[in-house]
There are 4 protein chains.
Amino acid sequence: MNFCSDNVAGVAPEILDHLRRVNDGAAMPYGGDPVTERVEARLAEIFERAPATVASFPVATGTAANALCLAAVTPSYGAVYCHRDSHINVDECGAPELFTGGAKLVPLDGAGGKLDADTLEAALAAGGRGVVHHVQPACLSITQSTEAGTVYSPGEIAALSAVAHAHGLRVHMDGARFANALVALGCTPAEMTWKAGVDAVSFGATKNGALAAEAAVLFDPEAAASLPYRRKRGGHLFSKMRYLSAQLEAYLADDLWLRNARHANAMAARLAEGLSACAGVSLAAPLEANELFVSLPPHAAEAMRAAGYAFHPWPSLGPDCYRFVTAWDTDPADVAGLVEAAAGAVAA
Amino acid sequence: MNFCSDNVAGVAPEILDHLRRVNDGAAMPYGGDPVTERVEARLAEIFERAPATVASFPVATGTAANALCLAAVTPSYGAVYCHRDSHINVDECGAPELFTGGAKLVPLDGAGGKLDADTLEAALAAGGRGVVHHVQPACLSITQSTEAGTVYSPGEIAALSAVAHAHGLRVHMDGARFANALVALGCTPAEMTWKAGVDAVSFGATKNGALAAEAAVLFDPEAAASLPYRRKRGGHLFSKMRYLSAQLEAYLADDLWLRNARHANAMAARLAEGLSACAGVSLAAPLEANELFVSLPPHAAEAMRAAGYAFHPWPSLGPDCYRFVTAWDTDPADVAGLVEAAAGAVAA
Amino acid sequence: MNFCSDNVAGVAPEILDHLRRVNDGAAMPYGGDPVTERVEARLAEIFERAPATVASFPVATGTAANALCLAAVTPSYGAVYCHRDSHINVDECGAPELFTGGAKLVPLDGAGGKLDADTLEAALAAGGRGVVHHVQPACLSITQSTEAGTVYSPGEIAALSAVAHAHGLRVHMDGARFANALVALGCTPAEMTWKAGVDAVSFGATKNGALAAEAAVLFDPEAAASLPYRRKRGGHLFSKMRYLSAQLEAYLADDLWLRNARHANAMAARLAEGLSACAGVSLAAPLEANELFVSLPPHAAEAMRAAGYAFHPWPSLGPDCYRFVTAWDTDPADVAGLVEAAAGAVAA
Amino acid sequence: MNFCSDNVAGVAPEILDHLRRVNDGAAMPYGGDPVTERVEARLAEIFERAPATVASFPVATGTAANALCLAAVTPSYGAVYCHRDSHINVDECGAPELFTGGAKLVPLDGAGGKLDADTLEAALAAGGRGVVHHVQPACLSITQSTEAGTVYSPGEIAALSAVAHAHGLRVHMDGARFANALVALGCTPAEMTWKAGVDAVSFGATKNGALAAEAAVLFDPEAAASLPYRRKRGGHLFSKMRYLSAQLEAYLADDLWLRNARHANAMAARLAEGLSACAGVSLAAPLEANELFVSLPPHAAEAMRAAGYAFHPWPSLGPDCYRFVTAWDTDPADVAGLVEAAAGAVAA
């Protein structure tokens, strides 16, 4: 009964099955296999792009996908604008700095984990474009869904992209929870990305049922020209690539990725509903995907843990705030049990 | 019928089975799971080290393991001494340079893919220790088995390590084919590494039956203190770590790794025997593990390929030289077929 | 009549004279000359340190001194805590990131350009020491005098250092205006640095009368062990080092550095007094050294410029704020003229 | 009587005089001064380039000029082809690696310190263009005059450049002794550089009479677009830039640079003639500029040193080989004395 994160979840059986299916004799290494070829075509299809206008690079971790996307569009003397609480800024131990050769992340404030266009405009106005003393604005990075569990609408993304592009920046989306946001919005992958001005996406699958699979997806192949070398140099080019690609192939087949995300979101909604009904419990942030932030009396949190439920405190949203994350495999019985434990705890 | 490399091979069924076995509900991420704990203990056992005197870091690629090991012991202004043909020098697109922050690889010559102690001693005598103009000697890296298919004896390793240590260098072993060398030597992992002076090992499993699993193993935990951060920063810390560790757990269980390596070596031996018996065919290098280098009439190579056998030319060993690599899953029938094709081709 | 910065000033004649004096035949390069040896001894004397307990490295720019000091104590996965407006954070185009191999600067807020101990304590409490996802707290960097013209007292420095050291950080002082702060405080260099817990100083001379000379001074020679190589590798080791050292030698002789700083500070005080007396003019920040921030009616600023006085707007302190910097060679007549121009302008 | 290097020499009085001349009141910093503007125009003139087709960046050291030029044209995953004994490869403690973000230097052999076109062609043929495992060929760097004292003819440079350009590489010239080579050849700066295919030059002045002044000169302004930021970030942008530019201005005025170089070369020629006439003494390499390599009986070297003459052994050219370097200020009497001492020593 672990609600700590969606990365505590297991691997979808469809994906494990497909690993076995592609484990059939020899295959050329480093992406020269048919599975990888098919996955590239499938990603192009999902994003509604002609193959020549999109480049995708499967890797095993979201940190790698993020760092590679940022390095593709940010010189060593560049600046990446991002939310203060973004994963790239606080949870990757400096991976963007390593892969870009020492670029600077410029942390911006924003309510509910989101940046807005005015904040970005103000920051860029002070950003020192062309002034030799300052790192040069190169990239805007947003997270979808955000680290606060919220979801940017396509319109919000487009507004941010418009500012970014007007100042010569590229736009990156950290899509560690891409599918959760997508199904919450009910739009298409294209609408949530390049049609709203996004240039590069870290397309996450791990949190939503894969073993360890993400893809750096760039809509400007010219910007992607350095990525094959950067991926190799980063140690992220798998020799037995077919098993990485196979995870993505199964993930994108038969709507598995969308079904998984819908389940996770639905479980979060059910949990939100149940917890909200408990006296003394309130949502600390709006629930928009599969991350739920709740204010609880500390003794209730303690009792819920004692009952076997694991979850993290989230002090940045308040002293009595906790985070609960649901996943593709969250058991409705566990949600019910957690709500029951909470109800009992606050009543005690 | 692919003899291009051992990385064209599939995944051992025991390993795929174990992935399924550990796919059982939630587990804490980033290595906080019991599988990872068990693998760390198992690696300590295999290397005959008390747990406190060894640190191991599972990663997905050999390039990552190498770069992390080198970065642990080489400052940005340091030098890594290695064979001219070593994987770290020619086949990792500069990964060591990236992870060390710009250290320099000093390529040395050596027959049969091996360095010898005299060459190293001469290079270090000219290396400029303490001279501010020169990068500072920091590490010796050797490959076991080597890129030329040969195997260092424990005595050879000890001789190299003695020179390296006398000059203040740490010793790294790129063990992409660790098991193949080990069973060829018939010694213990400890004898082939720390007892011979090796400080850090890239312990390879991918080529020998894993999906994508290696481990950076350091025998000096103090030198390893930076590695958790470097691994994370490199994008190499898996969130769902249990599936990476599970590969290693199955690999190291029931002698699977040794059985796989023995099979690969045996297939190479059989292939060497068969090809040597063909008129006009000769070994271009001694066969010591699972990589075979053979001189063939070009028309024979062409005929063998036409018959469906894939393998790479190896011009660095001669204009008519080719490499054949066997793996844990090489089919004896394919070896027989390849020999037959060769025999037919040279007779034509 | 240029009040834009103290780096628009010329070179003190004593320093140019000394360049000529040391230009006497051959001298061994790269610091193997007697001038450099004497400067090292003189710096030890000024800082009241036994020679074996201090290491100094002359370089030509403050950015180099800062970046080298930071790199000496910050690993690539480290974090440097600094003021949001600090030179290292906004005016060095990422030099700290380059020289550290990609460390992260953590910008903190603080009134009047200064950090305080509570802010630092709070930031470090959230800093993630030992958590693999976060860059690791490594260094606190403060500027003396600050970018807002203020001066840390030894007690304030000691309070910050105590917090930093308690969390395992080293303390760096960007002393681009070291002498201006020193004479303002009336304390000794030792009291302003290591006696207050500072581990490394960028000891500036350029702004105060040198041509291009600073020194990275470290009070822990062990921490300085990598600096000779980092300086060389950064392209900052002069071959004809004697001319760099000679600047520092003349600077530190006969109290030139203190006299120059006293003059600059006195001119700023006179300017502050004169401008404050003008109707509609007020100080935007307390004057503590040689940088003066003043609120002026924009038409007055325009008139003063038309009268031939150059100075920069300083919007971060307010829409009508301007900065005036005095230097070792500021002419009292120019100060009087500037005050007169201001008085006339505000009266118009 | 120091023949160790031309960097032991002093500063030409014309240059020191000019420092005093420009020390006249305030000047805008960071290159916004008229001296810098004039030097840029002068460099364009000397290289016969329209101002818009050349970009020049004064810096204080040759290592900085080299590293910046290389970084301008080499990505982090790039390779720089150079002579095994080149300064960038052995004497800059990894500066090119730092400034490029970890590119690799590929050392090539070549007689007399020179590369030839066939060697380069062969290396590039094996260089792995487009192969993801290999660093990507990006730059050829040659030294003029070379580390062995020899000089490339314009024809030799053109032949190398043709190969480099055919493979998509840029060509860099480390011109630490640019003037010595130029007067030896009797050609124009344009003929020795861009007319022969050179794209970027480290234009040295320090060894030939400046205090600390070089310029990175690029003939493709587009390739230079990143250099202002890289120079700043490297700590190499002087605030009081006029004193750096003034050195170059005086250096390039009234043929001072050419006169200085002619003197140095003439003194080397005289020394070569004198030493060659001594029994048992022979040139170890052809004298083509101002570096002389001589084979001497060790007892003679010892006696010459005892007589007060300083010079370095040069074991890479042979066990009894020594290097003598003359400079712009070498006293003919010292040359005569050195020859006399040698004659006496070999006769003893």
Per residue solvent-accessible surface (Å²) - the protein assembly as shown, probe of 1.4 Å:
31
If you take the alpha carbon radius of gyration of region B:42-99 and divide it by 2.2 N^0.38 Å, what ratio comes out, to two decimals?
1.30
What is the mean number of Cβ atoms from other protein chains located within 10 Å of the Cβ atom of each residue in peptide B:86-93, rounded to a whole number?
5
Report, in cubic angstrom per residue, the convex hull volume of the C-alpha atoms of region D:76-141.
72
Quote the charge dipole size of region C:114-171 about the Cα centre in Debye, to the nearest 20; the model charges only the Cβ of Lys and Arg (+1) and of Asp and Glu (-1).
220
Counting only Cβ atoms, what residue of chain A lies nearest to the axis that sends chain A onto chain B, and how many whole Å off?
A:Ala60, 3
Trypsin sites (Lys or Arg not before Pro) restricted to DSSP loop in region B:1-94 with at most 16 other C-beta within 10 Å
B:Arg84
Express the C-alpha Rg of chain A as a ratio against the empirical globular expectation 2.2 N^0.38 Å, rounded to two decimals.
1.00
Which whole-number percent is the relative contact order of chain D (Cα, under 8 Å, 6+ apart)?
23
Cα gyration tensor category, rounded, prolate or oblate, for the protein assembly as shown with a/c compared to 1.5:
oblate
Kirkwood hydrodynamic radius, computed over distinct alpha-carbon pairs, for region D:174-268: how many Å, to one decimal?
14.3
Under 5 Å, built H, 5+ apart or other chain: amide partners of D:Val106
D:Val80, D:Tyr81, D:Cys82
For region A:227-337, alpha-carbon Rg relative to the globular expectation (2.2 N^0.38 Å, N residues)
1.41
Once normalised by the length of region B:129-181, the mean sequence separation of its alpha carbon contacts under 8 Å that are 6 or more apart gives a contact order in percent of 48
A:Asp17 to A:Ser276: FRET efficiency via 1/(1 + (r/R0)^6), r the Cβ-Cβ distance, R0 41 Å, to the nearest 0.05?
0.60
Where Rh denotes the Kirkwood radius from the mean inverse Cα pair distance, what is Rg over Rh for region C:263-318?
0.94
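Using the structure shown, list the pairs from C:Lys232/D:Lys232; A:Lys232/B:Lys240; C:Lys104/C:Lys232; D:Lys195/D:Lys232; C:Lys114/C:Lys195 with a Cα-Cα distance above 27 Å, or answer none.
Listed pairs above 27 Å: D:Lys195/D:Lys232.
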Can you list, largest first and rounded to whole Å, the semi-axes you get for region C:214-271 by taking the square root of 5 times each eigenvalue of its Cα gyration tensor?
30, 15, 11
Using a 1.4 angstrom probe on protein heavy atoms only, which residues from region D:1-22 are buried by at least 50 Å² of accessible area when all chains are present rather than their own chain alone?
D:Asn7, D:Val8, D:Leu16, D:Arg20
Inter-chain shielding of B:128-137 (mean C-beta neighbours from other protein chains, 10 Å cut-off):
6
Please get the size of the charge dipole for the protein assembly as shown, origin at its Cα centre, with Cβ charges of +1 on Lys and Arg and -1 on Asp and Glu, quoted in debye to the nearest 20.
0
Hey, what number do you get for the protein assembly as shown at 222 nm if only DSSP H runs of n ≥ 4 count, each worth -39500 (n - 2.57), divided across all residues, to the nearest 500?
-12000 deg cm²/dmol
So what is the relative contact order for region B:29-188, in percent, with contacts set as C-alpha pairs under 8 Å and at least six apart?
20
What is the spin-label model distance, in nm, from D:Ala166 to A:Leu258 if the labels are put 7 Å beyond Cα along the C-beta direction?
5.5
So what is log10(I(q)/I(0)) for region D:128-205 at q = 0.11, 0.22, 0.24 1/Å, when the Debye sum runs over its Cα atoms only?
-0.29, -0.92, -1.05
Estimated FRET transfer efficiency (C:Ala307, A:Val131; beta-carbon r; R0 30 Å; 0.05)
0.65
Expressed as a whole number of Å, what is the distance separating the alpha-carbon centroids of region B:218-256 and region D:259-298?
60
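Quick one: ranking C:Leu296, B:Leu185 by accessible area, 1.4 Å probe, largest first, what do you get?
B:Leu185, C:Leu296
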From the phi of every residue in region A:277-294, what ³J(HN,Hα) in whole Hz does the Karplus formula 6.51 cos²θ - 1.76 cosθ + 1.60 yield, where θ is phi - 60° and glycine or proline is x?
6, 7, 4, x, 10, 9, 6, 8, 7, x, 8, 10, 9, 10, 10, 10, 10, 10
Working note, region C:1-147: Cα radius of gyration (Å, one decimal) and Dmax (Å, whole number) are 19.0, 58
Listed highest first by mean packing, meaning other Cβ atoms within 10 Å per residue, what order do B:169-176, D:333-340, B:148-155 come in?
B:169-176, B:148-155, D:333-340
Under 1.5 on a/c is rounded, so check that first for region D:89-247, then, if it is not, pick prolate when a/b is larger than b/c and oblate when it is not; a ≥ b ≥ c are the square roots of the alpha carbon gyration tensor eigenvalues.
oblate
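The values are calculated or read from the model by the stated rules, or taken from the named source; none is laboratory data. Since we're looking at a predicted model, the values are computed, not measured. Every residue, glycine among them, receives a Cβ derived from its backbone with ideal geometry; neighbour counts consider all protein chains shown. With ligands, DNA and RNA removed, areas are computed over all heavy atoms of the protein, side chains included. Shrake-Rupley method; radii C 1.70, N 1.55, O 1.52, S 1.80 Å.
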